[in-house]
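Q: Here it is: the structure, laid out below.
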Amino acid sequence: MDMQTPAGAGQGAETPARRAPRLGALLRGATSRSARVGLVVYALALGGVLGLVSADYATSGGYPFGGTPIGSWTAWPKAGAFDADPYARAVNARAGDIPLAVGEGMLLTAAADDSGRTLDATCTYKLSGITPPARAWTLTVTGRGKAEQAPMRDNFTSTEILRDADGQFAILLSPEVQPGNWLPMPRPRGPVRLALRLYDTPVAASVSSLERDSLPAIERVGCAR
Amino acid sequence: MSRGPFLLATGAGLVLAGLVHVATVLAIPRFAEGDAFSRAQASETLDHPLRIHGLTGEAPPQESWLPNPDPAVSVGVCSYDLDDGPMRVSAQAGSLMLSVSVHARRGAFYALTDQAAVRGGLDLVVMTRAQLDEALANDVAGEVTRDVRIVAPARRGFAVVRVIAALPSQRAVADAAVQAVACTIDSPAEPTEDGKG
């Protein structure tokens, strides 16, 4: 693209017979200089646009990395810490979020079930098992964007849960009414996310020791349609 | 023939993109206006936490900015500027679980829950190194202070108070428990007065 311009300019300059060599050399110098300037402008524009767009992409939405995967859950013990990675700090600053500090509690999120399929609002899921030791925990389901109407329930706390005789529990996340601990889907369709917040938990300091079995299993029971 | 300069320019552009990316990510927390640090400044003049996520009633939208709040937790913030003096956060351990975390612009540097309460009260004092030295010098010998003294890494920041309502019937109590916390500026003379009395 840069080489076509000097050719065209050279042809136009050849018509005055005598001055042609000097003018041609001058023009060639000017075009090669402008080509160099063009390349510099291209490099600057590429760097600026690519850098800003990638930085915007990495810091909007969720944390790009820094989580510890445990089964289908991801633990975020460091998201609000003083030594959090720069991306987590940028994400928090843009969203205005105040994550739980290590001594306060820990956030775990899940966006897929145990077989790796994205949590879908038209399906029914069974969350069962145990939770790591904590004084209290809350489980919240969120969809993307604002809901048309506020859901009648979008969370459970550890105190509200109905438990079996052996202390285990099962929560049914479903668009249809279910017996027991029913958590309604917040949206008619689309992906949903689960957030499990453990409060005053000793595991926040040693996430790597958490086993897959110490967190509730997310099992897909069935899907409408 | 012309590919050389073009590839060189592309390479330089990609290297520049990396530099711009890193610089932007590092600069975002510093220049953000909607982050918790900037928004918490609204609570500077209050002597109790500014409730930013309540469980009862509708909070004014400019004060409930948390993107994904826990629907069972009442949250309040107190901002501090240690140039005015150490900040004391006083809370009474009630029936509900309460936690206090102290944040600087970079993130949280300390947190404790009501399990650390001494005789039902929780006293957290955020101070600079110099203010801590002064407080230690003013301590009466042989007397044990029940204050938890924290040296802050920066002069400005905010404390976050969270109270969990485990049941819907406790929501009003949780909101009241956040409001009942006191965030006051310790005047330097006060610790010695307390010690004598």
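Q: I need the full set of residues from segment B:88-110 which are more than 18 Å from A:Phe82 (Cα to Cα), modelled with pLDDT of 90 or more and either touching an Asp or Glu at 6+ places or on another chain (Cβ under 7 Å) or small (Gly, Ala, Ser) (or both), in order please.
A: Within segment B:88-110, B:Arg88, B:Ser90, B:Ala91, B:Met97, B:Leu98 meet the criteria.
Q: Quick one: how many residues across segment A:120-162 are of a type in the set (Lys, Arg) and modelled with pLDDT under 90?
A: Count: 3.
Q: Still on this structure, I have one more. Out of the residues in segment B:101-143 that are away from chain A (no Cβ under 14 Å) and in a strand (DSSP E or B), which is farthest from A:Leu198 (Cα to Cα)? Lay out the reasoning, then the answer.
A: Within segment B:101-143, the subset away from chain A (no Cβ under 14 Å) is B:118-121, B:123, B:125, B:127-143.
So of that shortlist, the ones also in a strand (DSSP E or B) come out as B:118, B:121, B:123, B:125, B:127.
On the way: B:Val118: 24, B:Gly121: 24, B:Asp123: 24, B:Val125: 26, B:Met127: 29 Å.
So the residue we want is B:Met127.
Q: Given (1) surrounded by 15 or more Cβ atoms within 10 Å (Cβ to Cβ); (2) more than 8 Å from every other protein chain (Cβ to nearest Cβ); (3) under 30 Å from A:Asn155 (Cα atoms), where does B:Ala42 come up short, assuming only one miss?
A: (1)
Q: Can you name every residue in segment A:174-225 that is surrounded by fewer than 22 Cβ atoms within 10 Å (Cβ to Cβ), outside any loop (DSSP other than H, G, I, E, B), in contact (Cβ under 8 Å) with a residue 40 or more places away in the chain and of a type in the set (Gly, Ala, Ser)?
A: Matches in segment A:174-225: A:Ser174, A:Ala195, A:Ala205, A:Ser208, A:Ser214, A:Ala217, A:Gly222.
Q: Find all pairs meeting these conditions: Cβ atoms under 7 angstrom apart; at least six residues apart or on different chains; first residue within segment B:161-172 and outside any loop (DSSP other than H, G, I, E, B); second residue of a type in the set (Phe, Trp, Tyr).
A: B:Ile164/A:Tyr199
Q: Could I ask something else about it? Only one residue in A:Thr59, A:Thr74, A:Thr109 is of a type in the set (S, T, N, Q) and more than 14 Å from chain B (Cβ to nearest Cβ). Which one?
A: A:Thr74
Q: Separate question: Given the criterion charged (D, E, K, R), surrounded by 17 or more Cβ atoms within 10 Å (Cβ to Cβ) and either more than 16 Å from B:Ser43 (Cα to Cα) or away from chain A (no Cβ under 14 Å) (or both), identify the matching residue among B:Arg88, B:Arg146.
A: B:Arg88
The values are calculated or read from the model by the stated rules, or taken from the named source; none is laboratory data. From a predicted model like this one, the values you see are computed outputs, not experimental measurements. Positions of Cβ are backbone-derived with ideal geometry, glycine not excepted, and every protein chain shown enters the neighbour counts.
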